[in-house]
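Remarks on the structure that follows.
The values are calculated or read from the model by the stated rules, or taken from the named source; none is laboratory data. From a predicted model like this one, the values you see are computed outputs, not experimental measurements. Using ideal geometry, Cβ is built from the backbone for each residue, glycine included, and neighbour counts are taken over all protein chains shown.
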Amino acid sequence: MLMFRALSIIAAFAGLGAAASTAAQTPMPKAVEVAPDTYMVQGLSALGTSANRNFISNAAFVVTRDGVLVVDALGSPALALELLAEIRRITSAPVRFLVVTHYHADHVYGLQAFKDAGATIIAHSEGRLYLNSDTAQLRLQASREELAPAVDAGTRLVPADRWIDQRTTLQLGGIDFVLQPAGPAHTPEDLVVWVPQRRLLIAGDLVFRGRIPFVGQADSGRWITALDTLLAFDASVIVPGHGPVSHSARADLELTRDYLAYLRQAMGEAARNMDPFEDAYARTDWSRFEKLPLFNAANRINAYNTYLLMEQGSR
């Protein structure tokens, strides 16, 4: 399954980057305050290319009196170094922790910069399966070609210093950070960060705001369940894995959930009726979602993978 997943992802996105990217040639992470002492850098609504240096995902950090906690490391070592420079622009406090929401390339290829800076890296234990797989090596090999020179022979996969498999609370500078496992959903190792004093949720790729999510081989049924769990946090601010910060948390969680539910409904019905995928895709009404960024790049492969999963009886 891991090998199939890797090849399917690579095949789906080969050649699409130039068409989908709206980036300038040298995008730079810029930290914006989204809650008290909480900052976010927003990636581009694009596919990763050499031009945009794989700057297509978000990262966040919280400054406390005893240090900084960062969530995700961006999609290349150079971007991570620029993120560290943004942190240094705001505070001289040391970076104590780097929390990985999941081991997808656009979120973790910058990890080595934070490891070298002395941060303790924390991730869900299920991430070890991916990290030690042929899938991870295939993706890195492809990225060294597709994303050069931002990702090159010096880019390495970095394991966590601390693996967790249950709800864990970190305390730093008087702030509680609740690390909540939320997978398997977008990935088996999904991890979100809840900051109750700020009613702040850093959600990783469980939430794609204002754009079509990348579904891949995700367990979309469990992803929907995970989103229902996140709704129970009653967050006032959400930092999504992709897209702008959300101050309308419920609506944005529901948009991702409704898209996944619609994929399962439409493709599940087609699979049960043994309708050919192309016929089913052509007759499906995509009007609610077709104006969202990356619809043309991502929706067909999302639908196809959902069709295959439903055909195989996945729930």
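Hey, residue 147 hits all of (1) surrounded by 24 or more Cβ atoms within 10 Å (Cβ to Cβ); (2) within 20 Å of residue 186 (Cα to Cα) but one; which does it fall short on?
Failing condition for residue 147: (2).
Mind checking which pairs have a first residue in region 66-92 that is under 19 Å from residue 193 (Cα atoms) and a second that is surrounded by fewer than 23 Cβ atoms within 10 Å (Cβ to Cβ) and charged (D, E, K, R), Cβ under 6 Å, 6 or more apart or different chains?
If the second residue must be surrounded by fewer than 23 Cβ atoms within 10 Å (Cβ to Cβ) and charged (D, E, K, R), the pairs left are 67/96.
Just name the residue that is nearest to residue 46 (Cα to Cα) out of those in region 280-300 that are in contact (Cβ under 8 Å) with a residue 12 or more places away in the chain and of a type in the set (D, E, K, R). Talk me through it step by step, then tell me what you get.
Just the residues of region 280-300 that are in contact (Cβ under 8 Å) with a residue 12 or more places away in the chain, to begin with: 280-281, 284, 286, 288-289, 292-300.
Imposing the further condition that a residue be of a type in the set (D, E, K, R) reduces the set to 288, 300.
On the way: 288: 20, 300: 16 Å.
Filtering first and then ranking leaves 300.
Yes or no, residue by residue, for (1) within 18 Å of the chain's Cα centre (by Cα); (2) closer than 22 Å to residue 187 by Cα; (3) of a type outside the set (Val, Ile, Thr):
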| position | (1), (2), (3) |
| --- | --- |
| 216 | yes, yes, yes |
| 226 | yes, yes, yes |
| 233 | no, yes, yes |
| 238 | yes, yes, no |
| 248 | no, no, yes |
| 259 | yes, yes, yes |
| 263 | no, yes, yes |
| 267 | no, yes, yes |
| 272 | no, no, yes |
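All but one of (1) in contact (Cβ under 8 Å) with a residue 60 or more places away in the chain; (2) hydrophobic (A, V, I, L, M, F, W, C); (3) under 20 Å from residue 226 (Cβ atoms) hold for residue 260; which doesn't?
If we test residue 260 against (1) in contact (Cβ under 8 Å) with a residue 60 or more places away in the chain; (2) hydrophobic (A, V, I, L, M, F, W, C); (3) under 20 Å from residue 226 (Cβ atoms), just (1) comes out false.
Looking at (1) assigned to a loop (DSSP other than H, G, I, E, B); (2) farther than 17 Å from residue 129 by Cβ; (3) out of contact with any Ser or Thr (no Cβ under 6 Å at 6 or more places or on another chain), which is the one condition that is false for residue 223?
(1)
Evaluate region 283-294: report whether one residue or more is surrounded by 16 or more Cβ atoms within 10 Å (Cβ to Cβ) and outside any loop (DSSP other than H, G, I, E, B).
No, there is no match, as no residue in region 283-294 is surrounded by 16 or more Cβ atoms within 10 Å (Cβ to Cβ) and outside any loop (DSSP other than H, G, I, E, B).
Go through (1) within 26 Å of residue 312 (Cα to Cα); (2) touching a His at 6+ places or on another chain (Cβ under 7 Å) one by one and return the number of the condition residue 165 breaks.
(1)
Looking at (1) under 21 Å from residue 64 (Cα atoms); (2) out of contact with any Leu (no Cβ under 9 Å at 6 or more places or on another chain), can you tell me which one residue 104 breaks?
(1)
Here's the yes/no breakdown for (1) modelled with pLDDT of 90 or more; (2) of a type outside the set (S, T, N, Q); (3) surrounded by 14 or more Cβ atoms within 10 Å (Cβ to Cβ); (4) not in a loop (DSSP other than H, G, I, E, B):
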position	(1), (2), (3), (4)
239	yes, yes, yes, yes
270	yes, yes, yes, yes
296	yes, no, no, yes
306	yes, no, yes, yes
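Taking region 301-315, which residues are without any contact (Cβ under 8 Å) to a residue 40 or more places away in the chain and hydrophobic (A, V, I, L, M, F, W, C)?
Going through region 301-315, the residues without any contact (Cβ under 8 Å) to a residue 40 or more places away in the chain turn out to be 304, 308, 312-313.
Selection gives 308 alone.
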